[in-house]
1. Taking 8 Å as the Cα distance limit and 6 or more residues as the minimum spacing, I'd like the relative contact order of the chain as a percentage.
2. Based on a Kirkwood Rh over C-alpha pairs, give the Stokes-Einstein translational diffusion coefficient of the chain at 20 °C and viscosity 1.002 mPa s in µm²/s.
3. For the range 100-177, just say rounded, prolate or oblate: build the C-alpha gyration tensor, square-root its eigenvalues into a ≥ b ≥ c, call rounded for a/c under 1.5, and beyond that prolate if a/b exceeds b/c, oblate if not.
4. If each residue of separation counts as 0.36 nm, what is the full-extension length gain between ARG45 and ASP277 once their alpha-carbon separation is subtracted?
5. Listing ARG241, ARG91 from the residue with the fewest other Cβ atoms within 10 Å to the one with the most, what is the order?
6. Quick check: the angle from helix 293-314's long axis to the longest principal axis of the chain, C-alpha only, nearest 10 degrees?
7. Under the 0.36 nm per residue contour assumption, what length would be gained going from the current alpha-carbon distance of SER154 and GLU137 to full extension?
8. How much net charge surrounds ILE180 when only the other residues with a Cβ under 11 Å from the Cβ of ILE180 are counted, with Lys and Arg +1 and Asp and Glu -1?
Amino acid sequence: MTTNDSRSATARPSSVGYLGPTGTFTEAAILTQPDLASAEHILCRSHSDVLFGTQEGEFDFGFCAIENAIEGTVNVIQDTLVFDADLLIQREVVIPITMNLLVVPGTEIGGITRVISYPHALAQVRRFVRSQLPDAETVAANSTADAARLLAESRDPNTAAIGTALAAAQYGLEVAVASIEDHPDNQTRFVLLARDGIPQPTGHDKTSIVVFQRADRPGSLLSILQEFAARSINLTKLESRPTRERLGHYCFLLDLEGHITDELVADCLKNLQAKQDQVKFLGSYPAAGERADEVREEVDAAWADAERWIAELRARVG
């Protein structure tokens, strides 16, 4: 598939794989995107199934949660993208996350002794569980929707699930307590993934890369960051991950404002590739959130002026 292939993120996807069963936050995020909502939905048992299913062509696109405002990065997804899969991000989607305590109708909260959900979801409601259900055992499920499904099947009045209102409606449960997340501004970032294709620039884009260091030496991270600072490229995320080689060896994952077609971004990545051991490109794609194109336009204009100045000086050589 090329960058102009009909399966690019600007075309209507025919099939999208994501973590099931129905009623997950991932599904809620997909339903905010008209083209994804109308595509064929392939429910997967795990994040790995989503990623490798996309790579192996089982469906056109994969859709995964990659970062949460409270719990941070979903490492299993990020590490698979960095080390094991060869996929490109097509867009990002950010939605507010509201956690709910789901119960079998008629359940008394005081009798709950067990709470089940996806580990990331459980981590986002620690304060509520500690204060309201201090003696309850927490049990991991494959997803928030899977937790709701398991509760609906067991009809256990002593068990509650953490999940979406969508899952409650889907599986015949009640929302006993709504909005139990520890922080009111909780959000999750999702990414749409494809085997190939880079969306056209929109003026409000983000680029994701992984930088592997040529050597672990003092100032190595600084030398990477200076490439961005010198070009006034704003980093929206910087994270280190073990390279899986040996202790003390890390790679750096970076999200930056701009598109690979921007001269500044391309020049920066070219220098990083030349100076570091390896740069893995994870995609340039439309960014969610407030627009920052006005700032980028000012920086691009200044860079273009500098390029013309240099060109004029070189023209006088000889």
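Quick note: the coordinates plus some simple rules give every number you see, no bench work behind them. This one's a predicted model, so the numbers in the text were calculated from it and none came from an experiment. Backbone-built Cβ (ideal geometry, glycine too); neighbour counts: all protein chains shown.
1. Working: 640 pairs, mean separation 66.6, N = 318.
Relative CO of the chain lands at 21 percent.
2. Once the numbers are plugged in, D ends up at 100 µm²/s.
3. Oblate, since a/c reaches 1.5 and b/c is not below a/b.
4. Working: separation 232, 0.36 × 232 = 83.52 nm, distance 3.56 nm.
Working it through step by step, the gained length comes to 80.0 nm.
5. Going from least to most buried by this count: ARG241, ARG91.
6. Roughly 20 degrees, rounded to the nearest 10.
7. On the way: separation 17, 0.36 × 17 = 6.12 nm, distance 1.64 nm.
Contour length minus the Cα-Cα distance gives 4.5 nm.
8. Values: positive: ARG126, ARG127; negative: GLU181, ASP182.
Once positives and negatives cancel, what remains is 0.
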